[in-house]
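Q: Provided herewith is a single structure, encoded as structure tokens, for subsequent inquiry.
FYI, it's all coordinate maths here, none of it is from the lab. Only a predicted model underlies this, so the values are computations on that prediction, with no experimental measurement involved. Virtual Cβ from ideal backbone geometry, glycine too; neighbours counted across all protein chains shown.
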Amino acid sequence: MPIAGVVVVTVPERTSSVLQELKKLSNVTTYGVHKENNIIAVLESDTTKGLEQLSNQISQAIQGVIGVFPAYINFEDEISDSGTDTSTN
Amino acid sequence: MPLKRREFLKASAAAAAAASIGVNLIPGMENKLFADAITWHKSVCRFCGTGCGVMIGKKGDKVVAIKGDLENPINKGHICVKGFFLHKVIYARTRLLYPMIRKNGKFVRVSWDEALDYVAKRFNEIREKYGPDALAFYGSGQAETEETYMANKLFKGCIGTNNMEGNPRLCMASAVGGYLTSLGLDEPAGTYQDIEHAELFLLIGSNTAECHPIIFERIVRHKTKNPNVKIIIIDPRKTPTDQVADLHLFPKPGWDLAVLHAMAYVIIKEGYADLDFIKKHVNFKNNEGKDISFEEFQKFLEDYTPEKAEKISGVPASEIVKAARMFGQARTAMSMWTMGINQRTRGVWANNLIHNLHLLTGKIGVPGSDPFSLTGQPNACGGVREGGGLCHLLPGHRKVTNAKHREEVARVWGVPVSNIQPKPGKHTIAMFEALNEGKIKGIYIMCTNPAQSLPHAQKFWKGLKEQFVVLAESFYPTATSEYADVLLPAAFWAEKEGVYGCTERRSQYMPQVLQPMGEARWDAWILRDLAIRMGFKKEFEKYKTAEDIWNEYISLTKGRDMDLSGATYRRLKKVRGLTWPVPSEDHPGTYKRYVKGDPFFDKLPEEKKKGRRMYFYGKPDGKAVVWARPAKPPAEPTDKDYPFALTTGRVLEHWHTGTMTRAVLELERAVPKAYVEIHPDDAKKLGIANKDMVIVETRRGKLKIEARVIDRPEPGTLFIPWHWKEWLANLLTIDAFDPGSKEPEYKVAAARIYKA
Ligand code: SF4
């Protein structure tokens, strides 16, 4: 189960509303607001794809998010199925 | 996964994220991250020129985790979404695993011996029959410095041709030309450290948020802490970078030179120029390179009053004045630019005009002030600019035209100096044209994809099809492999050691943590073994380790402006890179060039430095140059037949020709195909709805593509991201290039658009 520890950087005036939105997402756990406008969060998903979608969802669909910056990603359980389908390339 | 372990993992992940912003969330937790099972290896991200430090987590013989390197001063633990997927690229199904030779039109798996013998034989035949200039090498800003060094020696020093180029010609040659002509030496004077001291950022021709996300994050973080910090964007297109902009000027694509001149005009007229700095540190020159006076320069600028610049560029005069005042009033200012400025037929001039603003206001050489060009590839600066991987260069910022430089290099290479030709070889576009014409008959392409990335790409497929093409790559297929005669599988990131040098003059070491996949081998060894088979045993058999190559290379940098002689592997393995000049093993690296603290400045005789805070030692009198360059339009302005300005660029999820990022299913699905952005007003006039299929056409080709109706481009402008070979933006781009830098004008082509 891939897991990512991320910093969600927000526009300072919107930090609390972003935090509220993040709390609504079931596969996101927040760890508080730090240094004014940074929210620490852990994203979980069954696949790295899910993680990435979640990260995109946060940065694109939630107003006031400047960026989602991962600091740590673990994909230990996924590595056995490491080959990816690249038939389009 | 047992719940307890998952909770532990989550807490660890949160602790790592918190640590990256200097917060101790759960004391001691970060260190406990799989202390027993995972070994961590300090490395550098494989993607963009930002140069973020990453830690590769290995368990058994697999990479199972990636984290941002907390100790790396560039990214301090953060990475962007591309870094997220680094491991997936290693294990992509598109990895090229065996050498292959095309036989009867089909690729057939062969042994390394057969492949290298065959290439050596063909190259030697071509060389004997047609001379050394019938061979060529085309490399990459993604290759390690050691790899480019080996290719340089083989082609320029042994085969005896300067037909050696690399894809940095397509992305930053204009920045090189700008630095050389304005400041005297290539590469920035400052480093990323300036970000946290800057009061104003001028982002021009750069979608920093998507293309250099960690630099953008540092800017945003700094602005959040310091609300007085302002950001000006000059770009024909709105991008995610706009979220933090205080002012955005939208010039018509290719017409921004007038805007920069008009800013200089206002800066001088309203008294923001630093007259003392100008007097001591600056010469003025006209376009022909003749000295002119400050007064003559001001006279020249009268053609670019804000009102006149408005007529030329489409940017309202009042906004130009506002931008100039912001630049002038800020205590410190940092400009950043990339492809939007460099990929132009007047790319060097555009670079000069950015430098002009800094030189006129003295906003250079102090913390927080620097004209700072951003690079696209992770080792374009290190391997190609510094390593001399272009047709006119030799290692250590040397030139083939300089007899002393040729001698110095030939001595270290152990080759007769007569082997190195005194004339530059063919630059990229000329090289691929020569391939079309049959003047070049054999080419070795390493770690790049020119069949997709060259401008007006289809024009050059003929030569690739007809001549003998050897492709050393980690992935297959690519657009270029379709034309290859021989495929050589190259080890990928983490499967080889070597050095990358990023945007800020920082060289960083990367370890080998995995065995190469399949039969893949390190590019430097492929080149060494090919060289030996071509008859250059004496010259190449001495290289046994990556460190052997690096040591020889840094010995060639001793005493040069980009001195790396103190950056030994021994040191680089411990530290998070060093910013040159690093003239000795006990030297800490240099934050700013041309000022106190720069070893070259410090060494200057006192009388030269007297009364001056900067000395541009690449110029004869130590003075930088403010250039009076005319505001030339793009090579192909819009007209009634082709009324739109087409510009090409990037998206966050993909990188270059997509060879790596499209091999990652997640990234591929996030942005699965190309599209053309068109402004809603234009779309309405043409009856185009969102997601309609449309044809975009230029004088060179047509592309059927989905429309995205969005207010990101200005009316009259179209934008296509270029990562896909199925929707090949480079069928449309123009191969006109800058006469100085030879960099093509990817950023502006005249186009029309209609419903398919
Ligand atoms: S910003 Fe560039 S170097 Fe840093 S993680 Fe992203 S792609 Fe890699």
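Q: Could you tell me the relative contact order of chain B? Use alpha-carbon pairs under 8 Å, at least six residues apart, and round to a whole percent.
A: Numbers: 1735 pairs, mean separation 136.8, N = 756.
It rounds to 18 percent for chain B.
Q: Rounded, prolate or oblate: pick one for segment B:257-314, where a ≥ b ≥ c are the square roots of the eigenvalues of its C-alpha gyration tensor, a/c under 1.5 means rounded, and failing that, prolate if a/b is larger than b/c, else oblate. Write down the numbers at each step before the final one.
A: Working: a/c = 2.56, a/b = 1.45, b/c = 1.76.
Judged from the Cα gyration tensor, segment B:257-314 comes out oblate (a/c at least 1.5, b/c at or above a/b).
Q: Further, regarding this structure: Decide, for segment B:280-420, between rounded, prolate and oblate: order the square roots of the alpha carbon gyration tensor eigenvalues as a ≥ b ≥ c, take rounded if a/c falls under 1.5, and otherwise choose prolate if a/b is larger than b/c, else oblate.
A: The shape class here is prolate.
Q: Still on this model: Hey, if you put +1 on the Cβ of every Lys and Arg and -1 on every Asp and Glu Cβ in segment B:681-755, which of B:733, B:746, B:695 ends up farthest toward the positive end of that dipole?
A: Highest projection toward the positive end goes to B:695.
Q: Tell me which of B:50, B:87, B:40 sits at the most positive position along the dipole axis of segment B:5-90, charges placed on C-beta atoms (Lys, Arg +1; Asp, Glu -1).
A: Result: B:87, furthest along the dipole toward the positive end.
Q: Please report the antiparallel percentage of the DSSP beta bridges confined to the protein assembly as shown, to the nearest 5. Display every interim value, and only then the final one.
A: Working: 69 of 117 bridges.
Restricted to the protein assembly as shown, the bridges split so that about 60 percent are antiparallel.
Q: Something else: Non-local amide H neighbours of residue B:743 (under 5 Å, H modeled in plane, Pro and chain starts lacking H): which ones?
A: B:738
Q: Still on this model: Can you give the net charge of the other residues whose Cβ lies under 14 Å from the Cβ of residue B:180, counting K and R as +1 and D and E as -1? If you can, show how the numbers build up before the last one.
A: Details: positive: B:285, B:385, B:398, B:399, B:593, B:619, B:742; negative: B:186, B:187, B:386, B:561, B:738, B:743.
Overall, the nearby charge balance is +1.
Q: Sequence-distant or interchain residues sharing an amide H contact under 5 Å with residue B:445, placed H: which?
A: It is B:138, B:470, B:471, B:472, by chain and number.
Q: Report, in deg cm²/dmol and to the nearest 500, the calculated mean residue ellipticity at 222 nm for the protein assembly as shown, where each DSSP H run with n ≥ 4 adds -39500 (n - 2.57) and the sum is divided by the residue count. Show your work: numbers first, answer last.
A: Values: 31 runs with 266 residues, N = 845.
Value at 222 nm, helices only, nearest 500: -8500 deg cm²/dmol.
Q: Suppose the chain between residue B:584 and residue B:403 were pulled fully straight at 0.36 nm per residue; how much longer would it get relative to their current alpha carbon spacing?
A: Numbers: separation 181, 0.36 × 181 = 65.16 nm, distance 2.68 nm.
Contour length minus the Cα-Cα distance gives 62.5 nm.
Q: Can you list the HN-Hα couplings for segment B:289-301, worked out from phi with the Karplus curve (6.51, -1.76, 1.60; θ = phi - 60°), rounded to whole Hz and with x for Gly and Pro?
A: x, 8, 5, 10, 8, 4, 5, 5, 5, 5, 5, 4, 5
Q: Would you work out the charge dipole size for segment B:198-261 about its Cα centre, treating the Cβ of every Lys and Arg as +1 and the Cβ of every Asp and Glu as -1, and quote it to the nearest 20 debye?
A: Working: 8 positive and 7 negative charges, 25 e Å.
Around 120 debye, computed over segment B:198-261.
Q: Classify segment A:3-81 as rounded, prolate or oblate, taking a ≥ b ≥ c as the square roots of the eigenvalues of its Cα gyration tensor: rounded when a/c is under 1.5, otherwise prolate if a/b is larger than b/c and oblate if not.
A: Working: a/c = 2.30, a/b = 1.95, b/c = 1.18.
The shape class here is prolate.
Q: What does the charge count near residue B:403 come to, summing +1 for each Lys or Arg and -1 for each Asp or Glu among other residues with Cβ under 13 Å from its Cβ?
A: On the way: positive: B:398, B:399, B:404, B:406, B:411, B:423; negative: B:407, B:408.
Spelling it out: positives minus negatives among the neighbours equals +4.
Q: So how far, in whole Å, is the C-alpha centre of segment B:307-335 from the one of segment B:265-296?
A: Taking the Cα centre of segment B:265-296 as reference, the centre of segment B:307-335 is 18 Å away.
Q: At 10 °C and 1.306 mPa s, what whole-number value in µm²/s does Stokes-Einstein give for the translational diffusion of segment B:5-90, with Rh from the Kirkwood sum over Cα pairs?
A: On the way: Rh = 13.2 Å.
D = 120 µm²/s.
Q: Using 29 Å as the Cα-Cα cut-off, could you pick out the over-long pairs in B:423/B:544; B:58/B:673; B:129/B:465? Provide the component values of the computation, followed by the final result.
A: Values: B:423/B:544 32 Å; B:58/B:673 33 Å; B:129/B:465 20 Å.
Result: B:423/B:544; B:58/B:673 exceed 29 Å.
Q: In 5 Å bins starting at zero, report the fraction of Cα pairs in segment B:185-302 per bin as a rounded %.
A: 2, 9, 15, 18, 18, 17, 12, 7, 1, 0
Q: As a footprinting exposure proxy, order B:555, B:174, B:481 by other Cβ within 10 Å, with the fewest listed first.
A: Details: B:555 13, B:174 30, B:481 21.
Fewest to most other Cβ atoms nearby, the residues stand as B:555, B:481, B:174.
Q: Using a 10 Å cut-off on Cβ to Cβ distances, tally the other chain neighbours for every residue of B:52-65 and report the average as a whole number.
A: Working: counts 0, 0, 0, 1, 0, 5, 0, 2, 1, 0, 5, 3, 8, 8.
Taking all residues of B:52-65 together, the mean is 2.
Q: Let me ask something additional. Can you tell me which of B:430-442, B:450-462, B:379-391 comes out highest on packing, and rank the rest after it, using the mean Cβ neighbours within 10 Å?
A: On the way: B:430-442: 20.3, B:450-462: 22.2, B:379-391: 30.2.
Going by the mean number of other Cβ atoms within 10 Å, highest first, we get B:379-391, B:450-462, B:430-442.
Q: For residue B:121, go through the aspartates and glutamates and keep the ones whose alpha-carbon is under 16 Å away, minus same-chain ones fewer than eight residues off.
A: B:113, B:485, B:529
Q: What lysines could a cross-link reach from residue B:252, if we take a straight Cα to Cα line under 22 Å and drop same-chain neighbours fewer than 8 places away?
A: B:238, B:308, B:311, B:322, B:632, B:640, B:684, B:685, B:747
Q: May I pose another question? With only Lys, Arg, Asp and Glu charged, each at its Cβ (+1 for the first two, -1 for the last two), find how big the charge dipole of segment B:234-290 is about the Cα centre; round to the nearest 20 debye. Don't skip to the answer; put the middle values down first.
A: Working: 8 positive and 8 negative charges, 50 e Å.
That gives segment B:234-290 a dipole magnitude of about 240 debye.
Q: Next question, about the same structure. Once Rh for chain B is found with the Kirkwood sum over Cα pairs, what is the Stokes-Einstein diffusion coefficient at 10 °C and 1.306 mPa s, in µm²/s?
A: Numbers: Rh = 26.5 Å.
Taking Rh from Cα pairs, D becomes 60 µm²/s.
Q: Still on this structure: Could you give each residue of segment B:82-91 its phi-based ³J(HN,Hα) in whole Hz, using Karplus coefficients 6.51, -1.76, 1.60 with θ = phi - 60°, and x for Gly or Pro?
A: With the stated coefficients, segment B:82-91 comes to 5, x, 3, 10, 3, 5, 5, 5, 4, 9 Hz.
Q: Please give the net charge around residue B:701, taking every other residue with its beta carbon less than 13 angstrom from that of residue B:701, where Lys and Arg add +1 and Asp and Glu add -1.
A: On the way: positive: B:459, B:699, B:700, B:702, B:704, B:752; negative: B:697, B:735.
Once positives and negatives cancel, what remains is +4.
Q: Report, ordered by chain and residue number, the lysines lying within cross-link reach of residue B:59, taken as a straight Cα distance under 27 Å and ignoring same-chain residues fewer than 8 apart.
A: A:49, B:4, B:10, B:32, B:42, B:67, B:76, B:82, B:88, B:496, B:573, B:574
Q: Using the Cα centre as the reference, give the magnitude of the dipole from point charges on the C-beta atoms of segment B:453-506 (Lys, Arg: +1; Asp, Glu: -1; all else neutral), rounded to the nearest 20 debye.
A: Values: 6 positive and 7 negative charges, 51 e Å.
The dipole of segment B:453-506 has a size of about 240 debye.
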